[in-house]
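Everything below concerns the one structure shown next.
Coordinate-derived values only; no laboratory data. In this text, all values refer to a predicted model and were calculated from it rather than measured experimentally. All Cβ positions, glycine included, derive from the backbone under ideal geometry; neighbour counts span all protein chains shown.
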Amino acid sequence: MGTLLRLFSPLLDTNKFLLSSTFSVSSYRGKNLSLRKSHHRIQSRRNFGDFLDLKPELQPEDLNFDLPWFHPASDRSRFDVIIIGSGPAGLRLAEQLSSYEIKVCCVDPSPLSMWPNNYGSWVDEFESLGLEDCFDKTWPMSCVYINESKTKYLDRSYGRVSRKKLKGKLMEGCVLNGVVKFHKAKVWKIEHQEFESSILCDDGNQLKASLIVDASGFASSFIEYDKTRNHGYQIAHGILAEVDDHPFDLDKMVLMDWRDSHLGNEPYFRVSNSRFPTFLYAMPFDSSLIFLEETSLVSRPVLSYMELKRRMVARLRHLGIRVKRVLEDEKCLIPMGGPLPQIPQSVMAIGGTSGLVNPSTGYMVARTMALAPVLADAIAECLGSTRMIRGHQLYHRMWNSLWPIERRHTREFYSFGMETLLKLDLNGTRRFFDAFFDLDPCHWQGFLSSRLSLQELVMLSLSLFGRASNPSRFDIITKCPVPLAKMMGNIAIETF
Ligand SMILES: Cc1cc2nc3c(=O)[nH]c(=O)nc-3n(C[C@H](O)[C@H](O)[C@H](O)COP(=O)(O)OP(=O)(O)OC[C@H]3O[C@@H](n4cnc5c(N)ncnc54)[C@H](O)[C@@H]3O)c2cc1C
């Protein structure tokens, strides 16, 4: 994203963008003159909205950082902690541990690569963590189109995370105290002895540590589950696009656009959208640069990716958005809800593989930034110079620091939210969000930021029921009992 913003910096409000990139605008433009010509030829044949034949023109570039590498020949291969993966979760934990002088090795196939995903977050969440300088752009307000005639304006600013700035800041923190090393490899296998674990990497190296933390993301195979993984999925297709024009206000990001009039001439899509609705999420950078993402909030089984893209084409056509160039694209697939990993187990987890993603929203980055310090603190207490807690006792302490009983209960509640959303059709979903965004801001904001206690979540539910329309109450009464009973059962099992 940093690269893109630099590229488009003449087009952007430079007061709001805090840019830095080594990418050369002039060389980029020169390189693309011929590209532009062929684009014009394609464009003259392309209908409004139809962007599927366009290839993304930019790849995020690597960070230019002088990292302290692990040298197998000269360095000791024994660490306090090995972190598998240097995505947002792994790097944040490493950065936090470095301030405790805990010896860490981060293992990742490409530690300097830019993270592939684009992240959004509420500005206050990053501000409270001192990360407010890690946005590319912020919007003072957000909005939700409930339907063709109703729009909600949310007085909460939203930001597009600068991957370059956030990754750079976390890496700087890692390097500062000289106790974090990086190893460029993929972890194949983890083995455990009584007080020590080891990893085997694809380059043949074996590294040892008192604790292995898996931060390798949703696809991890290192974490064990003792219950069936019945999660839902958020699926989305996003493009950062140069467009002729778009209809959105530049001072508002579009959190959700549930309008469906674009499907008026698409009977099949209209029916399937009524049952499995998708919305548009949009970040307008300026009148010709916009991030657009068609999103299925949650589905089980997962909604077809091709259908999602076709719906997006129809939507953009209806909105009169002609995509001239796709600068970046992303396929987003986030497993949501389902059981937590087995607690405890010999490998600790953080980030996507640890159950931290909010089961009702798919958000996770800000929460991981907030909880990694809690885990780091617990690790320092066990492995720091004064305490020597190892083995099973260590694993038990780690898992309970990330997932104390109260947090497990609230997660059950968010999973209940997800199960409820799964049962709602388009009209039910619209009614739900209509009532949801009428709640007291401390409730809807707290819910979206995963920061409400169980009591607060119960208050939110009562308030939501009180504000809901009669059809919405009918939805709640008819569709919620089974998920509610499941949630109560799970809370009871966890408590006793
Ligand atoms: C497209 C997309 C968009 C998203 N947008 C948002 C958003 O806007 N806001 C939000 O809050 N959340 C968002 N999420 C959800 C979540 O925050 C992200 O998935 C986030 O990247 C998870 O961070 P992570 O560090 O746990 O894992 P990842 O970001 O997946 O990082 C894992 C790292 O581990 C490495 N790795 C994997 N296997 C191994 C191995 N065997 N050995 C060594 N290294 C390994 C990978 O190369 C990678 O570098 C999004 C998710 C996706 C997929």
**OP:** Report, by chain and number, residues whose modeled amide H sits under 5 Å from the one on Ala349, excluding near sequence neighbours (fewer than 5 apart, same chain).
**Re:** Asp214
Original post:
So what J values fall out for the range 400-405 if you push phi through Karplus, 6.51 cos²θ - 1.76 cosθ + 1.60 with θ = phi - 60°, rounded to Hz, Gly and Pro as x?
Top reply: 6, 6, 7, 10, x, 4
Subject >> Label-point separation in nm, Gln206 to Val374, each point 7 Å along Cα→Cβ >> reply: 3.6
Subject >> Positive minus negative residues near Ile491 (Lys, Arg vs Asp, Glu; Cβ under 9 Å) >> reply: -1
**OP:** Kindly write out, for the range 316-328 in residue order, the coupling ³J(HN,Hα) from the Karplus curve 6.51 cos²θ - 1.76 cosθ + 1.60 (θ = phi - 60°), rounded to whole Hz, with x marking Gly and Pro.
**Re:** 5, 4, 5, 7, x, 9, 9, 7, 8, 8, 9, 8, 9
**OP:** Can you spot the aspartates and glutamates whose alpha carbon is less than 15 Å from Lys189's alpha carbon? Ignore those fewer than 8 places along the same chain.
**Re:** Asp108, Asp202, Asp203, Asp214, Glu224
Subject >> Dipole magnitude (debye, nearest 20) for the chain, charges at Cβ of Lys, Arg, Asp, Glu >> reply: 1140
**OP:** Search the structure for amide H atoms under 5 Å from the amide H of Arg325, placed 1.01 Å from N in the peptide plane, and list their residues when 5 or more places away or on another chain.
**Re:** Glu242
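Given a Förster distance of 51 Å, report the FRET efficiency between Phe474 and Gln342 from their Cβ-Cβ distance, rounded to the nearest 0.05.
E(calc), rounded to 0.05, equals 0.85.
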**OP:** Output ³J(HN,Hα) for the range 197-204: one whole-Hz value per residue in order, computed from phi by the Karplus curve 6.51 cos²θ - 1.76 cosθ + 1.60 with θ = phi - 60°, and x for Gly and Pro.
**Re:** 10, 9, 10, 10, 9, 6, 8, x
**OP:** Anything over 28 Å Cα to Cα? Flag those among Lys103/Lys227; Lys55/Lys152; Lys181/Lys227; Lys252/Lys309; Lys137/Lys324, in the order listed.
**Re:** Lys103/Lys227; Lys55/Lys152; Lys181/Lys227
Original post:
Which net charge results when you count Lys and Arg as +1 and Asp and Glu as -1 among the other residues whose beta-carbon is under 10 Å from that of Ser472?
Top reply: +2
**OP:** Using only the alpha carbon atoms of the range 333-399, find the Kirkwood hydrodynamic radius as the inverse mean reciprocal pair distance, in angstroms to one decimal.
**Re:** 13.0
**OP:** With label points built 7 Å along Cα→Cβ from the Cα atoms of Glu456 and Leu484, find their separation and express it in nm.
**Re:** 2.3
**OP:** Counting only C-alpha contacts under 8 Å and six or more residues apart, can you give the relative contact order of the range 406-495 as a whole percent?
**Re:** 47
Subject >> Antiparallel DSSP beta bridges within the chain, as percent of all bridges there, nearest 5 >> reply: 70
Subject >> Inter-part distance where the range 162-218 and the range 322-376 are each reduced to a Cα centre, Å >> reply: 18
**OP:** Evaluate the charge dipole of the range 313-413 about its Cα centre and quote only its size in Debye, nearest 20, assuming +1 on the Cβ of each Lys and Arg and -1 on the Cβ of each Asp and Glu.
**Re:** 440
Subject >> Sequence-distant residues sharing a close amide H with Met141 (under 5 Å, placed H) >> reply: Tyr158, Met253
Original post:
If you take the charge dipole of the chain about its Cα centre, with +1 on Lys and Arg Cβ and -1 on Asp and Glu Cβ, which of Val243, Ser401, Met141 is farthest toward its positive end?
Top reply: Val243
Subject >> Cα extents of the range 147-296 along the three principal axes, largest first (Å) >> reply: 63, 41, 30
Original post:
Beyond 40 Å, what percent of the Cα pairs of the chain remain?
Top reply: 24
**OP:** Calculate, for Asp244 and Tyr268, the FRET efficiency according to 1/(1 + (r/R0)^6) with r their C-beta to C-beta distance and R0 35 Å; round to the nearest 0.05.
**Re:** 0.80
**OP:** For the range 406-495, report the convex hull volume of the alpha-carbon atoms normalised per residue, in Å³, without decimals.
**Re:** 82
Original post:
Net charge near Asp155, counting Lys/Arg +1 and Asp/Glu -1 over other residues with Cβ under 15 Å of its Cβ?
Top reply: -2
